[in-house]
1. Using just the helices of the chain, give the 222 nm mean residue ellipticity in deg cm²/dmol: DSSP H runs with n ≥ 4 each add -39,500 (n - 2.57), and the total is spread over all residues, rounded to 500.
2. Just how large is the dipole of the chain about the Cα centre, in debye to the nearest 20, putting +1 at every Lys and Arg Cβ and -1 at every Asp and Glu Cβ?
3. Considering the Cα trace of segment 190-292, what is its radius of gyration and what is Dmax, both in angstroms?
4. Taking the Kirkwood radius as the inverse of the mean 1/r across Cα pairs, report the Rg/Rh of the chain.
5. Using every pair of alpha-carbon atoms in segment 52-108, split the distances into 10 Å bins beginning at 0 and state the percent of pairs per bin, rounded to integers.
6. Would you mind computing, in nm to one decimal, how far apart the modelled labels at residue 140 and residue 107 are, each placed 7 Å from Cα along Cα→Cβ?
7. Looking at 387, 110, 216, which one has the Cα that reaches farthest to the positive end of the dipole of the chain (charges on Cβ: Lys, Arg +1; Asp, Glu -1)?
8. For segment 185-330, with every protein chain kept in place, what is the accessible area per residue (1.4 Å probe, Å²)?
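The values are calculated or read from the model by the stated rules, or taken from the named source; none is laboratory data. Keep in mind it's a predicted model, so treat the numbers as computed, not measured. Counting neighbours? That spans all protein chains shown, and the Cβs are built from the backbone with ideal geometry, glycine included. Ligands, DNA and RNA are stripped out before the accessible areas are found, and what is left, the full protein with its side chains, is counted by its heavy atoms. Shrake-Rupley method; radii C 1.70, N 1.55, O 1.52, S 1.80 Å.
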Amino acid sequence: MLKTAKALITSAGKQLGLSSATIEQLLEINKEHQFEITLPDGKRFPAYRVQHNNKRGPYKGGIRFHPEVDFDEVRALAILMTMKTAALDLPLGGAKGGVVVNPRELNDAALEQISREYVRFLKDHIGPHQDIPAPDVNTNPAIIDWMVDEYSVLTGDTTRASFTGKSVARGGSLGRDAATGRGGVFALNDLLKDQGINDKPLTYALQGFGNVGSFFALVAKSDHPNWQLVAASDSATAVYNPKGLDAKTLADFKNGGGRFVDFDQKEQQISNDDLIGLDVDVLVLAALGDAVTERNADQVRAKYIIELANGPVNDAAFTTLNKRGVIILPDIIANAGGVVVSYLEWVQNTKNERWSEARVNSELKRYMTRAMRDLLQLSKSKQTSLTEAAFMLAIKHLLDVA
Ligand code: GLU
């Protein structure tokens, strides 16, 4: 993923006529923190926070808890955050954190200890005007609430603007939980509108029916009933029904702790690989990075891919798919809804305000629509893919060039 992120920035920088020295500067990471969290029972968990760039404002980006987190991946994700906040024109920089842990193997007490320890290690390097972490893969408002609490105890900060993605009761924003999925629906709609097909009947397959994917499907169901969900997967398996799946039924099943392998309906069970190769209009990638690589890029039959995960299409797959004319809506814009509403949460915290969900959603739409308009224009004027155009847009904002 790091290789892919660097390659995209380098190619976008070259197309903008930047010198290699300027491109190098864009890739430079400001600060890296690497430490180990030890629980009282002696279990140890490597942990990271990478602060890539704060030229536009405080560092911003989530913290993931996953057994496969590694330093280079966190670096790549931090770089992508800088590109994302810049593409959306938010006054924020980019960072990312991670802990090598499988939260499913731990009880709440252990997770709370890890969350609080994480903050104790980083307390001098984070804060409302320094670095504002948020949830990411396998982290949620409960974890963020522990972190904010720890930060407040350690520093006396009462604004709670030190983290975003808190529970609403602890200063979180209404609409934050659905924001990444909702932003993805806005972005895809703008793309399909540009193609003249957003009101036509379309089918889509969704890899990763977690927080982001499920909200995408729920919002799509209410805003665009003509987009039909035909397949959805979790980390183990996928369910498929060419006649359509109901997002609400699937969300209720998953929220009840279900696994698709046990989904007791008429739907066919297929593998995650089969899902990638389904004959659908849109492939929604909302699981993890590197989901489509040189290994399976040839299987993709969808005309459109929307990257709701970070870095789900690697460099080699991007080249193959781009050549074939598959249109990829890139992560740094497609999944930016989360960080946009994180920013709105931070604004509410710093002003001590509470906005209605309707206000949050309409602000989110404004940010997404503007970014999509600029993206589509740039991709047309430079005759380049949306992915390259998104990185060009971000770099233009970062360097403040027209
Ligand atoms: N983890 C989310 C992302 O990758 C949100 C980050 C944030 O809200 O700071 O964009």
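1. -14000 deg cm²/dmol
2. 1060
3. 12.9, 39
4. Ratio of gyration radius to Kirkwood radius: 0.95.
5. 27, 42, 23, 9
6. My value for the distance between the label points is 1.8 nm.
7. 387
8. So segment 185-330 comes to 42 Å² accessible per residue, rounded to a whole number.
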